[in-house]
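Q: The structure that follows is given in the form of structure tokens.
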């Protein structure tokens with residue numbers, strides 16, 4: 001290990017220790033990166049920070065973060081989750097354990113409209129806990145169902161975490177979204193099977209909803225479904241459908257979703273100045289935290305890489321006499337442990353780039369061992385990371401979901417909530433094992449979408465049309481073509497400048513050359 005690599009390792013250790021003490025993550029990353037970077041790289045660290053900041057600001061994909069968050073806050077204010085819960089409750093009322101199923105189904109559908117975990121757990125707790133307590137449902141199972149269902153928003157698209165994770169892993173967000181559906185459906189199915197199975201064999205854990213609280217009119221039930229389920233599914237189809245069909249980028253789809261959420265809120269009579277103002281303020285606070293962390297973690301990561309610590313960690317881990325699958329399990333275990341003290345933005349933006357070179361180097365072996373296409377390995381790994389972080393979100397003693405639920409349901413103690421969450425953690429670990437053993441759970445859907453896109457392209461070649469002919473003016477494909485043409489023109493200009501001997505190296509390359517010359 002070189003002296004610079006050791007300096008980077010010390011920087012990483014200091015960062016973890018300082019954040020544990022309670023210092024703000026973003027400012028800690030920036031301060032440590034500039035301080036240690038100055039000692040190791042000299043004044044070049046300031047140029048490095050400048051270029052990393054500008055590069056992050058040019059990332060159009062990150063514009064989807066505040067828009068999807070805004071969409072989530074608006075759908076919450078519009079009361080869509082309450083309508084969805086009521087529709088499912090009326091439909092499933094006669095079944096044993098029906099309220100467990102209602103909680104999971106409501107959480108899964110609502111997760112496709114918002115990725116805000118705290119809001120989902122809080123609203124589910126407010127809606128479901130009174131009738132669960134009144135009907136005699138088991139407190140431990142009820143708390144576990146609400147917290148587990150509420151955390152599905154971190155995994156199921158349009159998860160904000162997957163938007164941020166895409167550029168980190170070098171994969172498209174559309175692929176990550178498609179990949180996350182399989183694990184999301186698997187987890188929701190495991191939750192339902194476990195809860196309904198427990199209620200079936202022990203009816204006292206989850207009796208049917210009392211007859212006096214049921215809706216017996218078919219017309220009323222259909223109306224509840226029409227106003228509670230259909231509009232939300234239409235909003236989900238407009239956002240996720242446009243992304244998965246390739247008709248819009250995540251940024252464009254997030255704008256559609258935000259507008260659609262405003263229209264639904266207005267249609268339900270829930271759109272007010274005070275509510276809109278609160279949604280904007282909440283969005284600003286949440287998105288600012290994520291985006292500032294994206295910039296500062298990018299600077300921290302660049303300094304970390306320049307010091308050579310990232311390469312040393314990669315070489316050290318790859319030198320271990322471990323199989324690729326064991327190495328994968330070790331990386332996931334580290335991510336799980338980091339998920340206790342850290343929120344997902346810090347893990348995805350700070351620690352995941354450290355593990356990325358290791359997983360990238362293992363792509364061929366993992367693909368050959370598990371039967372995964374090489375270009376799908378990182379997509380599959382992204383889904384595994386998402387499920388692992390969701391598991392960490394459920395793990396005591398730092399499980400934020402427990403505190404969200406405890407704030408709104410005073411009848412359940414924190415110990416009761418923790419015990420309920422632990423049962424679902426076992427299901428989470430089982431699901432991770434299933435995704436590792438059967439990668440098609442996470443890769444089948446994105447592969448199908450790619451095959452569909454390839455079929456469209458082949459048809460375009462036969463009839464002389466192109467994919468852009470199916471898209472509106474100003475769409476992603478058109479901008480991509482313009483960007484490629486611009487890059488080509490700039491490349492020609494650079495070639496011409498090189499021939500004339502007038503091309504100058506960028507400041508970072510100059511500093512590298514000068515430092516090498518001094519050595």
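Bear in mind that the values in this text are calculations on the coordinates, not laboratory data. Source: prediction; values computed, not measured. Glycine also receives a Cβ, built like all others from the backbone with ideal geometry; neighbour counts cover every protein chain displayed.
Q: When a/c reaches 1.5 or more, the comparison of a/b and b/c decides; with that in mind, is the chain rounded, prolate or oblate per its Cα gyration tensor?
A: The shape class here is prolate.
Q: As a test of the formula, what do you get for the chain when each DSSP H run with n ≥ 4 contributes -39,500 (n - 2.57) and the sum is divided by the residue count, at 222 nm and rounded to the nearest 500 deg cm²/dmol?
A: -24500 deg cm²/dmol
Q: Quick one: which of 324-332, 281-289, 377-385, 340-348 comes out on top by average Cβ neighbours within 10 Å, and what's the full order, highest first?
A: 377-385, 340-348, 324-332, 281-289
Q: Here's something else I'd like to know. Would you work out the relative contact order for the chain, in percent, from Cα pairs under 8 angstrom that are 6 or more residues apart?
A: Result for the chain is 24 percent.
Q: A further question on this structure: Quick check on segment 8-98: take the gyration tensor over C-alpha atoms, sort the square-rooted eigenvalues as a ≥ b ≥ c, and tell me if it's rounded (a/c under 1.5), prolate or oblate.
A: Because a/c hits 1.5 or more and a/b exceeds b/c, segment 8-98 counts as prolate.
Q: I would also like to ask the following. Quick one: Cα centre-to-centre distance for segment 348-421 and segment 170-205, in angstrom?
A: Measuring centre to centre over Cα atoms gives 14 Å.
Q: What order do you get for 185-193, 10-18 when each peptide is scored by the mean count of other beta carbon atoms within 10 Å, highest first?
A: Per-residue Cβ counts within 10 Å, averaged per peptide and sorted highest first, yield 185-193, 10-18.
Q: Let me ask something else. Taking the Cβ-Cβ separation of residue 53 and residue 6 as r and a Förster radius of 25 Å, what is the calculated FRET efficiency to the nearest 0.05?
A: Efficiency at R0 = 25 Å is approximately 0.40.
Q: Between segment 263-300 and segment 423-440, how many Å separate their Cα centres?
A: 33
Q: Among 263-273, 43-53, how do they line up by average Cβ neighbours within 10 Å per residue, starting with the highest?
A: Highest mean packing first, the order is 43-53, 263-273.
Q: In nm, what is the difference between 0.36 nm times the number of residues separating residue 408 and residue 38 and their Cα-Cα distance?
A: Here the answer is 128.4 nm.
Q: Please find the FRET efficiency linking residue 430 to residue 218, where r is the Cβ-Cβ separation and R0 is fixed at 35 Å, and quote it to the nearest 0.05.
A: E(calc), rounded to 0.05, equals 0.35.
Q: When a/c is below 1.5 the answer is rounded, else prolate if a/b is larger than b/c, else oblate, so apply that to segment 120-277 with a ≥ b ≥ c taken from the square roots of the Cα gyration tensor eigenvalues.
A: Since a/c reaches 1.5 but b/c is at least a/b, the shape of segment 120-277 is classed as oblate.
Q: Extension gain residue 437-residue 419, at 0.36 nm per residue separation less the Cα-Cα distance, in nm?
A: Full extension of this stretch gives 3.7 nm more.
Q: Once the Cβ-Cβ distance between residue 451 and residue 267 is put in as r, and R0 is 60 Å, what FRET efficiency do you end up with, to the nearest 0.05?
A: 0.95
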